[in-house]
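Below is one structure, written out as structure tokens; the observations come after it.
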Amino acid sequence: MNNENVSAPLMDKISLYIELLWTTSRGVLFPHLLGKAPYYLKEAVLNSMFGFHLCQHPLLQHCHKDLARQMASHMKTLIFFPEDVVVYAGDIDNCMYFIHKGEVHVLNEDTLYSEKLETILYAEDMFGLEQGLYLGNGHEYTYKVVEYSIIISLCRDDWIYLLDFFPASKNVIYDRTVTL
């Protein structure tokens, strides 16, 4: 990265992140073997690990269990350290996030230099439902990690095609989001 003229502060931040990642998980984010496993096995493991986030959600719990199982196979594990920002207010990333471990502050940024704590999210909470369901919606708040956190992301582009195979669940999701 030195050859690509990456700034020294950014290099320091990258080095710190790699060091913290190594310290907390020996650098393993997703087992390589699972990535090479047959789809059905990968799906079963990811559903076992993260499917409860979908099954316990007030909206998604009413969907077909096979839809939740297949959605879980598209979940990605993200590691964040204290003061890391998951998303900034206004970001359009088409993803919903589930807090698997840790604590996240929901911040309302009045100006570039001012932020107000709106609420605190803990393990098993989620945010970004609207962004994960509808195209082009920006996040209303900034989400900042307070402690070492594992956050599971589910991006719309990865799973939305599944709704074509579960029309009843599609109706449940979109009818109920209107009332939320």
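Once Rg and the Kirkwood radius are both taken over the C-alpha atoms of the chain, their ratio Rg/Rh works out to 0.99. With the Cα gyration tensor of the stretch 75-159 giving a ≥ b ≥ c as the square roots of its eigenvalues, does the rule (a/c under 1.5 for rounded; else a/b larger than b/c for prolate; else oblate) give rounded, prolate or oblate? It comes out oblate by the Cα gyration axes.
Using the alpha-carbon positions of the stretch 31-73, Rg (one decimal) and Dmax (whole number) come out as 11.0, 33 Å.
With neighbours defined as other Cβ atoms within 10 Å of a residue's Cβ, the residues 176, 69 order from fewest to most as 176, 69. Given the options 113, 87, 40, identify the residue whose Cα lies farthest towards the positive end of the charge dipole of the chain (+1 on Cβ of Lys, Arg; -1 on Cβ of Asp, Glu). Of 113, 87, 40, it is 40. Summing +1 for each Lys or Arg and -1 for each Asp or Glu among the other residues whose beta-carbon sits under 12 angstrom from that of residue 16 gives -3.
Going by neighbour counts of Cβ atoms within 10 Å, the residues 84, 125, 66 line up, fewest first, as 66, 125, 84. Were the residues from residue 8 through residue 20 laid out at 0.36 nm apart, the gain over their Cα-Cα distance would be 2.5 nm. Need the C-alpha centroid separation for the stretch 103-180 versus the stretch 77-93, integer Å. Centre-to-centre (Cα) distance: 11 Å. Amide H contacts of residue 59: none lie under 5 Å away among residues 5 or more positions distant or on a separate chain (H built 1.01 Å from N in the peptide plane; Pro and chain starts excluded). Which residues does the label zone of residue 177 cover in the stretch 132-163, counting backbone N under 17 Å from a point 7 Å along Cα→Cβ? Once the point is set 7 Å along Cα→Cβ of residue 177, 132-141, 153-163 turn out to lie under 17 Å by backbone N, inside the stretch 132-163.
A simple spin-label model places pseudo-atoms 7 Å from Cα toward Cβ; at residue 66 and residue 39 they are separated by 1.4 nm.
Other residues with beta-carbon under 14 Å from the beta-carbon of residue 108 carry, at +1 per Lys or Arg and -1 per Asp or Glu, a net charge of -3. Straight-line cross-link reach from residue 42 at under 18 Å between alpha-carbon atoms covers these lysines, not counting any fewer than eight positions away in the same chain: 65, 76. The residues 36, 101, when put in order of fewest to most other Cβ atoms within 10 Å, stand as 36, 101. What you get for the stretch 43-180, charging only the Cβ of Lys and Arg (+1) and of Asp and Glu (-1), is a dipole of about 520 debye around the Cα centre. In the chain, a dipole from Cβ-located charges (positive for Lys and Arg, negative for Asp and Glu) runs towards its positive end, and of 70, 11, 132 it is 70 whose Cα lies farthest in that direction.
Axis of helix 167-179 versus longest Cα principal axis of the chain: the two differ by about 60°, to the nearest ten degrees.
Each reported figure results from applying straightforward, stated rules to the coordinates on display, with no laboratory input. These numbers were taken from a predicted model, which means no experiment stands behind them. All Cβ positions, even for glycine, are placed from backbone atoms using ideal geometry, and neighbour counts span all protein chains on display.
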